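Input: a single structure, listed below in structure tokens.
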Amino acid sequence: MNTLEHCDTPGLMPLKNAIENILAQVTAINETEILDLGSANKRVLTADIISPINVPPADNSAMDGYAIRAADLDKKAQLKLVGTALAGQPYSEKLGVGECVRIMTGALVPLGADAVVMQENTQVNDGFVVFKQQPKAGNNIRCAGDDIRQGELVLKKGCFLGPAELALIASIGQATVEVTRQLTVGLIATGDELTKAGSPLKTGGIYESNSYALSAKLENIKVNIRNYGIIADDKDALRGIFARADDECDVIISCGGVSVGEADFVKDILLELGQINFWKVAIKPGKPFAFGQLNKAYFCGLPGNPVSSYVTFEQLVLPLLSALSGQNVLNDQQHYFVAKAANNINKRAGRADFQRAYYYRDEQGQLWVEAQQNQSSGVMSSITKANCYLLLTQFQGNVAQGENINILPFALL
């Protein structure tokens, strides 16, 4: 791997530092609400959950079979069948010497029984069960508290609730949870060249697409979205819409207007209405990213190019939204896999590079990754034709075919 000393753009804030800066500035909102479990998917817990019960609450069978006293089979190969235990309909008598009970998965283990033999290892003959297996005490029994013990911490404050977490909470009998109220996020697209999809395209114009990608990503984390539409490159119009969004939103995300062009006014407006914490990050694509605060709302200024907007949202905006909602954020841990480069990859030192790529396994099971040929920040098809990012660190250089390289599958984002 070739690490170059020359940087393509010196003086930029490293990506890790930018994320740390954002997290240091953000204070989680303290408004909460109580929700039924059925409405709490993708919300953030505001209080620890402690189990009031054991899960399972009593010893039960892990499979269909026969509940026995394991010591009985030391003396004989068959036991008398005396009853049946179903899930929700337990066998009420104590199991005696030389007896067994037909038991179904999830049924309570009868008093006196200490093992379950699966039905495939038995044969029933005229009221007796012949056992082809010598079990040990405890075999095929799920003990009380095997999953969760009474008084145990089930989920911590700041946990992001998904399907598994909701099932876990339901398993302890809790029907409601206290969560952070939903964030409200405003989207603003800026630029005279932008045209709304479905309208005739004017000369020199392009269709605005970033808001569709960002709205879809925001829906995945359950926030309220206010889309303020396309705002022309006009300071008065921009000032008015930013002031309105500041009153209505927790976070404002703008696309475009944070570069160095003569008509890029967003930074100027932000300085009038609030402050810029930092501008320009050592990330590719997405260098002209800005983070700041207005009177009430946090502000993220994303580049106008669609891939730059897409990548900076994932890498810089999502940590902000997570922290603001009270979610536990692991800044220094990112899931990735190691694959071998299927082609030569060009990279200049100076910025962390998220190149779009496609990973696959060969017949021997080796993981390979092939970078897309066109890595332009304006080519959204480089995302749709890919299934991962190549993670190229800030001071990393070119990667030769066959070298190991870190990849971040889209499915993990």
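Observations on the model:
- Relative to the current alpha-carbon distance between Asp268 and Asp146, full extension at 0.36 nm per residue lengthens the span by 37.9 nm.
- Label-to-label distance, Leu412 versus Val82, with points set 7 angstrom from Cα along the beta-carbon direction: 5.6 nm.
- Counting beta carbons within 10 Å around each of Leu187, Leu294 and listing the fewest first gives the order Leu294, Leu187.
- Working ranking of peptides 368-376, 96-104, 284-292, 35-43 by packing, defined as the average number of other Cβ atoms within 10 Å per residue, highest first, is 284-292, 96-104, 368-376, 35-43.
- Under 22 Å from the Cα of Lys136 - lysines, other chains or at least 8 residues apart: Lys75, Lys76, Lys80, Lys94
- Spin-label model, Ile206 to Asn227: label points 7 Å out along the Cα-to-beta-carbon direction sit 1.9 nm apart.
- Its relative contact order, with pairs defined as Cα atoms under 8 Å and 6+ residues apart, puts the chain at 18 percent.
- Given (1) 0.97; (2) 1.19; (3) 1.16, the label whose value is Rg/Rh (Cα atoms, Kirkwood Rh) derived from this model: (3)
- Leu37 versus Ser171: modelled label distance in nm, points set 7 Å from Cα along the beta carbon direction: 1.1 nm
- Equivalent ellipsoid semi-axes - Cα gyration tensor, segment 272-402, angstrom: 31, 16, 13
- Summarising the strand pairing of the chain, around 65 percent of its internal DSSP beta bridges are antiparallel.
- Using C-alpha pairs below 8 Å separated by at least 6 residues, the relative contact order for segment 60-142 is 40 percent.
- Each helix, a run of at least 4 DSSP H residues, gives -39500 (n - 2.57); summed and divided by the residues of the chain, these come to -4500 deg cm²/dmol at 222 nm.
- ³J(HN,Hα), Karplus 6.51/-1.76/1.60, whole Hz, each residue of segment 341-356, x for Gly, Pro: 5, 8, 8, 5, 10, 8, 7, 9, 5, x, 9, 5, 10, 10, 7, 7
- Proximal aspartates and glutamates relative to Lys202, as straight alpha-carbon distance under 12 Å, when same-chain residues fewer than 8 apart are discounted: Asp192, Glu193
- Length gained on full extension, Gln134 to Ala58, computed as 0.36 nm times the residue gap minus the Cα-Cα distance: 24.9 nm.
- Relative to the current alpha-carbon distance between Ser92 and Gln401, full extension at 0.36 nm per residue lengthens the span by 104.3 nm.
- Beta bridges from DSSP with both residues in segment 337-412: antiparallel share about 90 percent, rounded to the nearest 5.
- When each of Lys16/Lys347; Lys284/Lys385; Lys42/Lys280 is checked by Cα-Cα distance, pairs over 28 Å: Lys42/Lys280
- Partners for Lys340 among aspartates and glutamates (Cα-Cα distance below 15 Å; same-chain residues under 8 apart left out): Asp362, Glu363, Glu370, Glu403
Read the figures in this text as sums done on the coordinates, not as results from a lab. These figures come from a predicted structure and were not determined experimentally. For neighbour counting, all protein chains shown are included, and Cβ atoms are generated from backbone atoms with ideal geometry for every residue, glycine included.
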